[in-house]
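The numbers here are math on the coordinates, done by the rules we state, and not lab data. Every value quoted in this text rests on a predicted model; they were computed, and no experiment measured them. Neighbour counts run over all protein chains shown; Cβ positions are idealised from the backbone, glycine included.
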Amino acid sequence: MIKNILEAKGAKILFLGKILNFSKQEINNFLNKYDAKAIFEYENQDIDLVVLSSLISPIEEELSYTLYEQNIPDVKLEEFEAYYISTLKPNSLLMSLKLSNNQERLISFLKSKALSDELFLKLLKLYSWNSEGLFDSDSNRDVALSFIERFFKRENYYNHTDIAHSPTTILNIALNSTNSDVLETLLTMPNLAINTRGQEPWKPKDLREFIATNSYINSHTKKLLLNFNSNRIFRIIALNSALNANEQEFIYDKLDTQGKINLSINKNLDDKIFNRLLNEDIEVVQALLLSQKISKDKLSTIEPKYLPILCQNPNISHLKDQLLFKTKELDFAIASNSVLESSEIENLYKKYGLEIALELAQNPNTPSTILEEFYKLNNLEITKAIATNPNTSEYIIDELFNKNSNELNTQLAKNPNLKSEYIEYFKLDPKLLLLMSQAQDIKSKIVSEIV
């Protein structure tokens, strides 16, 4: 409708209410191209179209009803702005704003919802934050909130209105966005820090560090982050699977022990870096062998003294033949690993008897009949392992619950197959509630992987 009215030439367009994003001059310049005229004060003129703002006075609202009854068409201001923006050539707009450095006009465009996300991000890079924080001035706040309105995923939050207007929402976007252009643009915005009191020192504490954790960062963003030459960013980005082999090599010698532990956990670890990490301190090697999927070729590069560590890796099903029933040390090390099947567990029990009871009691695949035999030992450490085991018989769980022992209840709360009545009881204790939540999360993850 807007297009037809404007292309007819000579249209008179009445604007009612407050114009939110564009100046009257901007509107006039646009309408002049169509030989049309903008009217901001109604004096019984002939009108071809009414544009209604969401902020309108009672008198203007009454006037809009009158004009509507006269069959004069109307549109919302947002629709008019969307049409206006659709007529602009993005590259020409970018060049115009870049050359003029008209920040007020730029802000007007950034506040409009009619811009595509792609164009919005390009324009945002032209905005001057004036060496101030994201929320330190009215204009900065308006631009930051426009960014949040576009890119914050509200559906996962109940009280999303308060969250959307919180500075930490920017960090949430940095952490969870899957749009590499959004992440690159975030890096051009003022760095935002959070209160890290009581937080582990290796966790991210500002906007740049949160961006460094996101695996959707593109090559340009990675380059910018690495160019900060920050030990903390090196440490944090070491975890990021987006790092390629050259980037892992680049940061390697810049990493402290915690950084190398982080690199050891990286899901996209390069094979050459894997071999270098095998020569680091024991805590680095331990993180490496517990987290990486080890191929049969890599197995031959691991020193025998580290094989007991590897036996606890949950991703070694394909290596069991090379590890199981080779030495007593390796058998005891792998006994609690869930990669073992019940038949393998039974064979370990036949070979070592009650000597291996504690290790097997910790394995979630140990048959309930074997757990019942261990329970008769009346050994506290073994009993605690049995309390946690999802295969433990119901009558044993009942007996342990009825003991009303804080120590045993702490273990029972970790059991993902706990009876509903016990769950309701444990909910009264915040510590037990947290343990139950963690156990159920693990159970849900296992189920989803099976499905």
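The charge dipole of the stretch 163-284, taken about the Cα centre with unit charges on the Cβ atoms of Lys, Arg (+1) and Asp, Glu (-1), comes to about 260 debye, rounded to the nearest 20.
Taking every DSSP beta bridge with both residues inside the chain, roughly what % is antiparallel (nearest 5)? Bridges in the chain are about 10 percent antiparallel.
About its Cα centre, the dipole of the stretch 91-237 is roughly 360 debye, where the only charges are +1 on Lys and Arg Cβ and -1 on Asp and Glu Cβ. The label point for Ser86 and the one for Ser215, both projected 7 Å from the Cα toward the Cβ, are 3.9 nm apart. Using alpha carbons only, how many degrees (0 to 90, rounded to 10) separate the axis of helix 77-86 from the longest principal axis of the chain? The answer is roughly 80 degrees.
In a reduced charge model with +1 at each Lys and Arg Cβ and -1 at each Asp and Glu Cβ, the chain shows a dipole moment near 1180 debye about its Cα centre. Within the same chain, aspartates and glutamates fewer than 8 places from Lys419 are excluded, and of the rest, those with a Cα less than 14 Å from its Cα are Glu394, Asp398, Glu399. Pairs over the 18 Å Cα-Cα cut-off, from the set Lys305/Lys328; Lys18/Lys76; Lys76/Lys153; Lys203/Lys260; Lys18/Lys89; Lys293/Lys414: Lys76/Lys153; Lys18/Lys89; Lys293/Lys414. Among the listed values [x] 25.5; [y] 24.3; [z] 30.8, the one computed from these coordinates for mean projected area of the Cα convex hull in nm² is [z]. The slack in the chain from Leu55 to Asn402, taken as 0.36 nm per residue of separation less the alpha-carbon distance, amounts to 118.4 nm. Relative to the longest principal axis of the Cα atoms of the chain, the long axis of helix 282-291 lies at roughly 70 degrees. What FRET efficiency do you get for Phe325 and Leu434 if R0 is 41 Å and r is their Cβ-Cβ distance, rounded to the nearest 0.05? For Phe325 and Leu434, the calculated efficiency is 0.60.
Could you state the angle between the C-alpha long axis of helix 138-151 and the longest principal axis of the C-alpha atoms of the chain, as a value from 0 to 90 degrees rounded to the nearest 10? Tilt of helix 138-151: around 60 degrees. Let me have the 222 nm mean residue ellipticity of the chain computed from DSSP H runs of 4+ only, each contributing -39500 (n - 2.57), with the sum over all residues rounded to the nearest 500. When only DSSP H runs of four or more count, the value is -15500 deg cm²/dmol.
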